[in-house]
Amino acid sequence: MLPQHVHQHLAQLLSLSLNKEVTNVFVKSIGGGSINQTYQLQLLPCNESFFCKINSASRFPHLFLKEKIGLQLLGKSGVIKVPQVIACSQFEHQQLLVLEWIESGTKNKRFFGLFGEQLAALHRQTNTHFGLHENNYMGSVPQQNNPAADWCTFFAQQRLQPLVEKCVAQNLLTSTDIQLFEKLYQKLHNIFDATQPPALLHGDLWSGNYMCSSNGEPVLIDPAVYYGHPAMDLGMTTLFGGFDAAFYESYQYHAPLPSNYKDQWAVASLYPLLIHLFLFGKNYLAGIRQTAQTYA
């Protein structure tokens, strides 16, 4: 249970954000968060609901501020649903993010086709450079977004190298692995098309980071937003079970894929796999080495 003074802060925060007096907030703990404490907030007596995350402000500095910016950037595109940001606050040693409550529904026959179409539309949102105007997080891991004019430079310097360094520091990768990745960096231009413009990405698109709303609409949650190569989102969808075939068929129809898209997806997936190696250990090492050796 949350302490009473946190309840009071939430009531004050919602009063300001909703521009109406909120005096009574019922807080219900809910599951599903591996990083954050998660709650359903209900305003009584109107029974209006919101979703709330709480985490340490010192352990993950500005985590929710970065998520807020990412959700707003995705929402601004107008092509796919994301929860509306209601409030973002730091209170004592905690940070709080309050979002629109999305009621879960059942996926209908058109869900994955619509999802593929909408992701293709999201990837058509572009920018002058790969990266973002600020760094953020992928899950709980800090993510660098220093802008670069070409994808291969950005991918090597802002995605793979920082994670390789983190894993080496934890004795999860060796000097031989560093040499292998150095060879891979030199081959990236053979894998990724230099004409691909920067695409607005969700950035952490696995099966746990989307929802189906009560009206059967795809909803993106927990983003790690930046402008990158579409293969980053698409490759990650294939990890941990993959999405329905209708999703990929629809995406391909609305945004035709290059002939070597499977190679692009495999190499792009090295980034989330390195993050999993860093967070969860050597179960991911064999797959990382096999992919790196294949394309280096």
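Looking only at residues that are open to solvent by 30 Å² or more (accessible area, probe 1.4 Å) and not in a strand (DSSP E or B) in segment 38-57, which one is farthest from Ala87 (Cα to Cα)?
Ranking the candidates gives Pro45 first.
For segment 254-282, which residues satisfy the criterion of being in a helix (DSSP H, G or I) and out of contact with any helix residue (DSSP H, G or I) (no Cβ under 8 Å at 6 or more places or on another chain)?
Selection gives Lys262, Leu279, Phe280, Lys282.
Considering only segment 155-182, how many residues are open to solvent by 30 Å² or more (accessible area, probe 1.4 Å), of a type outside the set (A, V, I, L, M, F, W, C) and over 13 Å from Leu270 (Cβ atoms)?
Total meeting the criteria: 10.
If we scan segment 100-107, do we find a residue that is buried (at least 16 other Cβ atoms within 10 Å of the Cβ), hydroxyl-bearing (Ser, Thr, Tyr) and over 16 Å from the mean Cα position of the chain (by Cα)?
Checking segment 100-107: not a single residue is buried (at least 16 other Cβ atoms within 10 Å of the Cβ), hydroxyl-bearing (Ser, Thr, Tyr) and over 16 Å from the mean Cα position of the chain (by Cα).
For segment 16-26: of the residues being outside any loop (DSSP other than H, G, I, E, B) and buried (at least 16 other Cβ atoms within 10 Å of the Cβ), which is modelled with the highest pLDDT?
Ser17
Can you tell me which of Val225, Val219 is in contact with a Ser or Thr (Cβ under 8 Å, 6 or more places away or on another chain), touching a residue at least 40 places away in the same chain (Cβ under 8 Å), hydrophobic (A, V, I, L, M, F, W, C) and open to solvent by less than 30 Å² (accessible area, probe 1.4 Å)?
Residue meeting the stated conditions: Val219.
How about segment 126-142: which of its residues are in contact with a strand residue (DSSP E or B) (Cβ under 7 Å, 6 or more places away or on another chain) and open to solvent by less than 60 Å² (accessible area, probe 1.4 Å)?
Selection gives Phe130, Gly131, Leu132, Asn136, Tyr137.
Please return the ranges of helices (runs of 4 or more DSSP H) entirely within segment 131-202 where 3 or more residues are of a type outside the set (Phe, Trp, Tyr) and modelled with pLDDT under 95.
Qualifying helices (runs of 4 or more DSSP H): none found.
When residues of segment 81-115 are filtered for being in contact with a Phe, Trp or Tyr (Cβ under 7 Å, 6 or more places away or on another chain) and of a type in the set (Val, Ile, Thr), how many remain?
The qualifying residues number 2.
Inside segment 283-296, can you point out the residues that are assigned to a helix (DSSP H, G or I) and in contact (Cβ under 8 Å) with a residue 12 or more places away in the chain?
Result: Leu285, Gly287, Ile288, Arg289, Thr291, Ala292, Gln293, Thr294, Tyr295.
Give just the number: which of (1) closer than 27 Å to Ser104 by Cβ; (2) touching a strand residue (DSSP E or B) at 6+ places or on another chain (Cβ under 9 Å); (3) open to solvent by 10 Å² or more (accessible area, probe 1.4 Å) does Ala245 not satisfy?
The one condition Ala245 does not meet is (2).
Would you tally the residues in segment 66-99 being of a type in the set (A, V, I, L, M, F, W, C), under 26 Å from Pro3 (Cα atoms), open to solvent by 20 Å² or more (accessible area, probe 1.4 Å) and without any contact (Cβ under 8 Å) to a residue 60 or more places away in the chain?
Number satisfying all stated conditions: 2.
The values are calculated or read from the model by the stated rules, or taken from the named source; none is laboratory data. Quick caveat: nothing in here was measured; it's all calculated off a predicted structure. Cβ sites come from the backbone with ideal geometry, for glycine too, and all protein chains shown count toward neighbours. For the accessible areas, the whole protein counts, side chains as well, though only heavy atoms, and no ligand, DNA or RNA atoms are used. Shrake-Rupley method; radii C 1.70, N 1.55, O 1.52, S 1.80 Å.
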